[in-house]
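Below you'll find the structure, written out as structure tokens, and then a few comments.
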Amino acid sequence: MPRFTVHIRDEWLAVPCRDTTNTIRWLGHEALKRYIKNKPDNGGITAVKDTRFVVRRCQGLGLLDADDTIEDVLEDNDFVELVVYGITTGFGKFARTVIPVSKLKELQENLVRSHSAGVGNPLSPERTRMLLALRINVLAKGYSGISLETLHAMIQAFNASCLSFVPEKGTVGASGDLAPLSHLALGLMGEGKMWSPKSGWADAKYVLEAHGLKPISLRPKEGLALINGTQMITSLGAEAVERAQAIARQADIIAALTLEVQKGTTKAFDSDIHRLRPHPGQIEVALRFRSLLDSDHHPSQIAESHRFCDRVQDAYTMRCCPQVHGIANDTIQFVQNIINTEINSATDNPLYKMVFAERGETISGGNFHGEYPAKALDFLAIAVHELASISERRIERLCNPSLSELPAFLVNEGGLNSGFMIAHCTAAALGSSEHYFSDPTPWVDCCRIRATAPAQRCPGQMRETQSDMLAVPADIGQQSIVATRMRLWTLLIIFPVCASSPLIADASRGQGPAAGSSCSGRACNPRMGNLSRGRVLSSRSVCGSNSSEQYCFYEQSAAPGRRESCSAAKCGKCNSAIPGQAHPPSAMSDCAFRHPDTWWQSAGGAQGETLRLDLETEFLFTHLILVFRSPRPAAMVLERSRDHGRTWRALGHYAGDCDEAFGLAEGSPVRQRGAACTSKYSGAFPCTRGEVIYRALSPWQSVDPYGPAAQDQLMITNLRVRLLQRQPCPCQAKHPGAAILPTDHFAIYDFIVKGSCLCNGHADHCVPARGYQPSQHRTSNMVHGKCVCRHNTAGDHCERCTPLYNDQPWQAANGLLGTPHECQKCKCNGHAKSCHFSRGLWLATGRRSGGVCDNCRHNTEGRHCQNCKKGFSRDPGRPKTAPDSCKRSVLSGGSPLCSPTSGECTCKPGVGGPRCDSCMMGYWGLREYGCRPCDCTGDCDPYTGDCISGSDVEVFYTATGHLGHSSNNSGTALFRAEELFSALHHSEKCECVEVTLGSPKLFCSAEYDYVLVLKVMSAHDKGSHAEVEVKVKKVLYQNRQMKIQRGNITLYPESWTIQSCTCPILNPGSEYVVAGHEDWKTGRLMVNTKSFVKPWKSSLGRKILHILRKDCGRR
């Protein structure tokens, strides 16, 4: 007969087997029966069938499946071992050391104490609270073998903010966060230090006692359950992700401001470019830039000032922001997904396989390993470092005058004031430090050195794998983010000096804190929240409104068992005039976590009560949760209004007997009899903390939340709860004399109305709506009612398209498919600010386009403002979108209109050119009647009528293409006719002596009032005087009484009016350095023969600045 040797704890037992078709489970049970017989106390085993075990070979330690047959996996005289890891044995190297049952509690406590070996400063209360919350979340999943009593004790400590002393250093990640979690559990056991808002730092047992809590008493396996997991890494990682998301949004806004103040172009953010490389982050960042810089709703004055400039592209640091910031955003999203998964995972060891109950096994695994969040945080650090690096380069562009048109280091009096010189140095220093923290390589090298030199320690905390010495700092993401945030603050300090305040206001007004964060190319919705937070709840009565009232209540939170009895009633006083005794309706809407023990209470003896929440606008309502302090009512009705209280509709009926209370059958369908009735939430027990829950939509119902069917169920403006019938606590009947206690009132802890603002899938952020009346108490996490619309929509609820985006009908987004249904822009060629939708036109075009432009400007007309008005013709030399593309035509009497497309016209006498806008050869003086013939034997000046020689004629008519009516040469003209009035007209009459920059003393002795770098735009003869339009590019010097700024100004040459020639010469299109004087009578900037005029060169500019500062003593 086959025989097998089984090792159990400290004994070897021989187990014979007549039938080898029996299973390994049978072998284990037989071995346990023999083991119990040899022990006086049964070896601590109460029942063989309840004992959980695993069987493995002694040679090789291979596990055997309990359902395998013996003949398939074992041979005669094989040796096997039966053991339950972590419950009846020690841990780690002591896994084979048997622990008596009487010492199992001591085993778990010693495990926590021995692993509490962390060092360093304690975590902040906020981070410790995060750590405790995540640990509770993991244990509550039911895979860790922990008792409900221990879990409830941890929840009570969390609600009271009793937080253990958890050192910052000690985790290695490969074995989970053993040391930090051990310190967390040690305080809950009443040992070590603990902190609470009420006590500060003190011994843990005294802190728990001060809050009416008892230390947890560990049962078998609970010590192991409390300290195994990755919650330390995960909680800090979750905080790092939140901070990184804020930094990414700030980086986009700051980069947009940089582009704005440097007058960059927005062409690089065109949606068509990024559609060809459709990375989500890149598209999202480009959308943010377009929203901030190129908004039709809030146009920027700075952007408008250079809209038609000839700049082709900007530097990488501005042009490539969507690509660089985009991958950072995608990386942050990737890390967020990893952290979210880790937060909601079971990371204990061993795990009870509760899901597969038929297996009945305790399985050891490796879910405690911290590699997933660790590697993800490495990626996060690198991504944030990239944001900081490109940000530092943009700071360089702002501070360096050779890279921008801004003063050096953003200060006007350079030298006297160093400006932001050191601020940029600080940003560069932070970048160097951050590069070190975001690169794992230095930490690897350090730890490899440590392997040969034990005395040398690696800085920071380490995460180690069990296979090699590869290690990286656990707090790398946090350190990198801190450095990035410091650098961003450096840039934020700089911007008040150089940024335009209207731009900042426009950007904040247009986008809000989450500019385009989740709406890019998909449907989106603002966050859900409690609609009652920050709003006024009303009730018909409040206890103690006239005088103090006595009240009593029972704390029975569940129906008592057969051997249990109800606790005695507790009594108190209510007085609305005394803060500590008042219980107003606002107590129902405060934070349930910060104020768990505040409640509203009705007046004593109230037979019925009505609670009402009035909202300032329409909201989406999804859930209602009422937590009663008194017994739940025997009958109540939930009602809603969609028209601010004019009409009401019932949403739900609640009663112990629906037929008797409302004449409704239990669970009657909504379609048949209106709102359904249920008895689920009308039981007398529990006497306190009983809940009533309403769901607006069934969790099994698939419905588009933005569709009309869902909004018919979800949209509300008012919510009303009518409490119709009280019921006493059953405990009251079990106590003698309790019938006379004052328990005849309604009381509610929490009135939670879950919902969001109504945005039709076109917004992810909301701001206060008109009519919002805040409560007296300040609150955070308010759910506001006015949407910050995306997808080119407008309105408080994004219920219509913006004025220029009506080419297709407005639609709500599709919440099931995620289709955004963005409003499409009308094609108005830049000549209209709004358009309207024509359904007939839309149907006629096959549902492709239905927009019609409104109030076409710039002398245009037509559906798309594509034609010039009557009396105006298209200038072929200007783009169709230019404001001056349609010009008034000088036509012959009775002639037909100019062609609105080609611009060809029939001109008046003496008028030539394809647009009838110039005199032909032999004519001058363009007027409404035409041009006059020249009074010369040859030709004359077409503007003044002065007779000129043949060479001058060639200058005019060859350059401008005005040789008769033909337009063959017009395409080669460099400037328009009115811009060509210059000294060339009189080149034979005047000889201009070129001024040279000789002795600095002569230059200083001229005492010029201004020295400018400018570009000549055009020149005009006004009859009595001449004017030259120039664009000032730099002001090298100006008199203190003058206020010349960069931009377009007018110069007044004296030569044209006093002598009939022009010296010095100013040719349109050329750039000059001009130094001259101001006419003190008129304030005009004069140019004459005493002025200094030279073609602009950078070397000349540096020389003049040197003379002004060193020789003339002017700055």
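The values are calculated or read from the model by the stated rules, or taken from the named source; none is laboratory data. Remember, it's a predicted structure, so these values are computed and weren't measured experimentally. Here the Cβ is made from the backbone with ideal geometry for all residues, glycine too, and neighbour counts use every protein chain on show. The area values use the complete protein model at the heavy-atom level, side chains included, leaving out ligands, DNA and RNA. Shrake-Rupley method; radii C 1.70, N 1.55, O 1.52, S 1.80 Å.
Below, the figures for the structure above:
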| quantity | calculated |
| --- | --- |
| Under 13 Å, Cβ to Cβ, from T598 - net charge with Lys/Arg +1 and Asp/Glu -1 | -1 |
| Overall form of region 121-228 per C-alpha gyration tensor (a/c, 1.5; a/b vs b/c) | oblate |
| Apportionment of accessible area to carbon and sulfur, region 1000-1111, percent (1.4 Å) | 46 |
| Scaled radius of gyration (Cα, divided by 2.2 N^0.38 Å) that region 3-84 gives | 1.01 |
| Accessible area in square angstrom per residue, region 1000-1111, 1.4 angstrom probe | 56 |
| Residue order for H762, H595 - accessible surface, 1.4 angstrom probe, largest first | H595, H762 |
| Y436 accessible area, assembled protein chains, probe 1.4 Å, Å² | 110 |
| Per residue accessible area in Å² of region 121-228, where ligands, DNA and RNA are left out and the probe is 1.4 Å | 39 |
| Net charge of neighbours whose Cβ lies under 10 Å from the Cβ of G608, counting Lys and Arg as +1 and Asp and Glu as -1 | +2 |
| Over region 121-228, relative contact order from alpha-carbon pairs under 8 Å, at least 6 apart, % | 29 |
| Formal net charge of residues neighbouring D1079 (Cβ-Cβ distance under 14 Å; K, R +1; D, E -1) | -1 |
| Accessible area of region 98-208 belonging to carbon and sulfur atoms, whole % at 1.4 Å probe | 56 |
| Spacing of the two label points (7 Å from each Cα toward its C-beta) at S679 and F379, in nm | 5.4 |
| Sequence ranges 414-420, 383-389, 1070-1076, 335-341, ranked by mean other-Cβ count within 10 angstrom, highest first | 383-389, 1070-1076, 335-341, 414-420 |
| Solvent-accessible area of D203 with every protein chain in place, 1.4 Å probe, in Å² to the nearest 10 | 60 |
| Å² of accessible area per residue within region 3-84, as computed with a 1.4 Å probe and no ligands counted | 58 |
| Rounded D (µm²/s) - region 1000-1111, Kirkwood Rh over Cα pairs, Stokes-Einstein at 4 °C, 1.567 mPa s | 91 |
| With DNA, RNA and ligands ignored, accessible area of V112 (1.4 Å probe; Å², nearest 10) | 0 |
| Exceeding the 31 Å Cα-Cα cut-off - candidates K49/K205; K267/K1094; K49/K221; K887/K1031; K205/K570 | K49/K205; K267/K1094 |
| Carbon/sulfur fraction of accessible area - region 3-84, other protein chains in place, 1.4 Å, % | 44 |
